[in-house]
Amino acid sequence: MRCAEFEPWLLEHAEGSLPEEKRPLLIAHLAECAQCRQTLADLQSLDHTLSREIRKPQLSADFNERLWQRIRVETGGAAPTQLPLERVSKVRAEYEAGLRALRRGKILAAGLIDALGLGLLVGGFAYALYKHLPEFLKYNLGLREWGGLDIPVLAAGCAIAFAIGVLIRDWLKPAGQRSLF
Amino acid sequence: MQALLGKLPEHYRRVIVLFYLEDKSYNAVADMLGIPLGTVKTYLHRAKLEFLKLIRMEESRVNW
């Protein structure tokens, strides 16, 4: 066997877990190989060193107090998490105002889009009514005349429907989110 | 020693730390890392050999 093949045996021997039947062969090899003897000695020493030197740091009893004291000194007397109250209030007010403005803009845009859609729907329906109802009434129900809508009336209807849509859309929102009421 | 430990591959370092720092048994380390017992032994053995190499390199660097 070569030295490299004895390496696992050396590790087990250093731990005291090498099977009995392997021991004589290893001992015989160690008797004639200075390099493996040195490796075994190093492994045994390493085991002690690791046990001794790899350990949890021991903190002194007043560690926390000294740490906070140092933080206070380095931050000019105030702990980093303790911001002045006025500053906190100011930042909060700015944040909330910005949020409100953003929300108002979004709500207004959404309301306008909704109202536009509603206006188009109502206008389209009115236009279809204007164009086809007279013929429908005339040919299917026997009515000869239908004097009714014209373009200005249709436009006014759409505008009114649009305005009503905006108002309804806004009115349906929770009190804090309304932009018109 | 801590600096040399930092040079070991992560999986070797974990086994070394659990075994020596936390004083866990092979079985406990295997359970904690979710790896077979044989793998723990192999990692620990290879980690020790790697450690020896690092120590020898460090010694030769200092002596040189």
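The values are calculated or read from the model by the stated rules, or taken from the named source; none is laboratory data. Computed from a predicted structure; not experimentally measured. Cβ: placed from backbone, ideal geometry, glycine included. Neighbour counts: every protein chain shown.
Residues are listed down the side, and each one gets a yes or a no for (1) assigned to a loop (DSSP other than H, G, I, E, B); (2) closer than 19 Å to B:His45 by Cα; (3) within 14 Å of chain B (Cβ to nearest Cβ):
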residue	(1), (2), (3)
A:Glu5	no, yes, yes
A:Pro8	no, yes, yes
A:Ala14	no, yes, yes
A:Leu18	yes, yes, yes
A:Glu21	no, no, no
A:Ala28	no, no, no
A:Ala31	no, no, no
A:Ala41	no, yes, yes
A:Leu50	no, yes, yes
query: With respect to B:Ile16, is the statement that it is hydrophobic (A, V, I, L, M, F, W, C), at the interface with another protein chain (Cβ under 10 Å from one of its Cβ atoms) and touching a helix residue (DSSP H, G or I) at 6+ places or on another chain (Cβ under 9 Å) true?
result: yes
- request: Find the helices (runs of 4 or more DSSP H) located wholly in chain B whose residues include 2 or more that are among the charged types (D, E, K, R) and surrounded by fewer than 19 Cβ atoms within 10 Å (Cβ to Cβ), and list them.
  value: B:10-16, B:37-63
- prompt: Within the stretch A:54-110, which residues are surrounded by 10 or more Cβ atoms within 10 Å (Cβ to Cβ), assigned to a loop (DSSP other than H, G, I, E, B) and modelled with pLDDT under 70?
  reply: A:Arg55, A:Ala78, A:Ala79, A:Gln82, A:Leu83
message: Anything in the stretch B:29-57 that is among the acidic types (Asp, Glu) and touching a helix residue (DSSP H, G or I) at 6+ places or on another chain (Cβ under 7 Å)? List them, or say none.
response: B:Glu50
- prompt: Does the stretch A:133-145 contain at least one residue that is exposed (fewer than 10 other Cβ atoms within 10 Å of the Cβ) and either hydroxyl-bearing (Ser, Thr, Tyr) or at pLDDT 65 or above (or both)?
  reply: yes
